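Peer 1: Sending over a structure as structure tokens; questions will come in a sec.
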Amino acid sequence: MTDESSSGAPLVELTDVAVHFGGVRAVDGVTLTMREGLIYGLLGANGSGKSTLLGAVTRLNRLTRGSLCFDGADFTKLPAHRVAHLGVARTFQTVRLIDDRSVRDNVSLGVDTLDRSRRKEFAARVDEVMERVGIAESARLRPTELSYGMQRRVEIARAIVGRPRLLLLDEPTAGMNTDERDEIGELLRSLKSEGFTQLLVEHDVQMMVDVCDHLFAMNLGELIADGAPESVIADRAVRESYLGRQANDA
Ligand code: ADP
Ligand code: MG
């Protein structure tokens with residue numbers, strides 16, 4: 001883990017962000033800061049608003065109130081495709097790949113989200129990125145011919161091919177066994193060493209402690225903890241709202 005005092009400037013700042021769907025307060029007043037170069041984790045029970053928060057940052061979800069700042073500039077009103085140009089990329093909670101295109105084509109789609117002037121430069125990196133995340137040998141296959149774990153790697157490749165400054169990962173290891181999870185954890189750590197700032201949603205608390213530099217926890221749309229991993233998982237409100245519930249479910 002990285003000592004936060006030695007880390008970079010604020011990259012993303014959320015101030016009082018709320019996303020309501022009719023009467024559902026999916027996200028309700030979240031204020032947080034993410035600094036350049038760190039891996040952040042977001043914990044919370046199902047329905048606590050994690051995916052909606054990621055959607056707020058990418059501007060896929062309309063903000064009910066609050067503001068968003070990227071690298072010191074307000075982007076609250078930018079449309080989603082312009083947020084991608086800023087350098088924000090995400091993977092989704094469920095696999096979203098195009099089944100009748102090759103793995104390589106799917107990764108290339110990540111280049112299409114870039115500013116026109118940068119596409120050529122990054123198109124040349126598709127093969128390198130596939131190599132990087134361990135899917136080069138599957139380049140010509142269809143996504144459906146790959147294991148679930150490999151499909152998730154294709155999504156990560158698609159998200160990083162444009163070298164985003166912020167990578168949002170929504171449960172990238174859901175449905176994986178422990179070994180596969182460890183491998184993804186290692187991949188995320190190695191991406192960190194290349195300078196990718198990341199926000200990871202993940203239910204495996206041990207993985208969160210091992211991989212993340214800093215944790216956030218949500219409950220019912222609100223941020224209930226924000227700090228060093230060990231202190232967040234020891235936090236009483238987190239234990240009561242989330243970890244206790246997990247133990248009961250087990
Ligand atoms: P999490 O990712 O933590 O499981 P979500 O962000 O998916 O939680 O959901 C938070 C709450 O918002 C849930 O009550 C969910 O049903 C609701 N919600 C999410 N997306 C929508 C939507 N598009 N329309 C209506 N309600 C939604
Ligand atoms: Mg979710």
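Peer 1: Just the residues that are modelled with pLDDT of 90 or more, out of contact with any Pro (no Cβ under 8 Å at 6 or more places or on another chain) and not basic (Lys, Arg), please, taken from region 89-108.
Peer 2: Passing the criteria: ASP100, SER102, ASP105, VAL107, SER108.
Peer 1: While we're on this one: Which residues, counting only those in region 31-40, are over 20 Å from ARG163 (Cα atoms) and within 16 Å of ligand 1 (Cβ to nearest atom)?
Peer 2: LEU32
Peer 1: In region 51-75, which residue that is farther than 20 Å from ARG35 by Cβ and either more than 10 Å from ligand 1 (Cβ to nearest atom) or basic (Lys, Arg) (or both) is surrounded by the fewest Cβ atoms within 10 Å (Cβ to Cβ)?
Peer 2: If we take residues in region 51-75 being farther than 20 Å from ARG35 by Cβ and either more than 10 Å from ligand 1 (Cβ to nearest atom) or basic (Lys, Arg) (or both), then ARG62 is surrounded by the fewest Cβ atoms within 10 Å (Cβ to Cβ).
Peer 1: Confirm whether SER138 is crowded, with 20+ Cβ neighbours inside 10 Å, within 16 Å of ligand 1 (Cβ to nearest atom) and of a type outside the set (Asp, Glu).
Peer 2: Answer is no for this residue.
Peer 1: Go through region 144-176 and count every residue that is within 16 Å of ligand 1 (Cβ to nearest atom), touching a strand residue (DSSP E or B) at 6+ places or on another chain (Cβ under 8 Å) and either of a type in the set (Lys, Arg) or assigned to a loop (DSSP other than H, G, I, E, B) (or both).
Peer 2: 2
Peer 1: A further question on this structure: What's the number of the only condition in (1) touching a residue at least 40 places away in the same chain (Cβ under 8 Å); (2) away from ligand 2 (no atom under 14 Å from the Cβ); (3) of a type in the set (A, V, I, L, M, F, W, C); (4) within 29 Å of GLU131 (Cβ to Cβ) that VAL30 fails to meet?
Peer 2: The number of the failed condition is (4).
Peer 1: Pull up region 189-220, narrow it to residues that are among the hydrophobic types (A, V, I, L, M, F, W, C), within 16 Å of ligand 1 (Cβ to nearest atom) and not in a strand (DSSP E or B), then point me to the one that is nearest to LEU169 (Cα to Cα).
Peer 2: MET208
Peer 1: Quick one: which of VAL17, VAL12 is over 30 Å from GLU186 (Cβ atoms), among the aliphatic types (A, V, I, L, M), out of contact with any Ser or Thr (no Cβ under 6 Å at 6 or more places or on another chain) and not in a helix (DSSP H, G or I)?
Peer 2: Just one listed residue meets the conditions, VAL17.
Peer 1: Is it the case that ARG181 is under 14 Å from the mean Cα position of the chain (by Cα) and part of a helix (DSSP H, G or I)?
Peer 2: no
Peer 1: Taking the residues in region 184-205 that are of a type in the set (Asp, Glu) and surrounded by fewer than 16 Cβ atoms within 10 Å (Cβ to Cβ) as candidates, determine which candidate is nearest to SER241 (Cα to Cα).
Peer 2: Among those residues, the one meeting the criterion is GLU186.
Conditions (1) exposed (fewer than 13 other Cβ atoms within 10 Å of the Cβ); (2) not polar (S, T, N, Q), marked per residue:
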| position | (1), (2) |
| --- | --- |
| ALA89 | no, yes |
| ARG101 | no, yes |
| ARG104 | no, yes |
| SER108 | no, no |
| THR113 | no, no |
| SER117 | yes, no |
| ALA124 | yes, yes |
| MET130 | no, yes |
| VAL133 | no, yes |
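Peer 1: Further question: When both residues are 6+ apart or on different chains and their Cβ atoms are under 7 Å apart, which pairs have a first residue that lies in region 46-59 and is of a type in the set (D, E, K, R), and a second that is near ligand 1 (Cβ under 6 Å from one of its atoms) and assigned to a helix (DSSP H, G or I)?
Peer 2: Matching pairs, first to second residue: none at all.
The values are calculated or read from the model by the stated rules, or taken from the named source; none is laboratory data. Just so you know, these numbers come straight off a predicted model, no measurement behind them. All Cβ positions, even for glycine, are placed from backbone atoms using ideal geometry, and neighbour counts span all protein chains on display.
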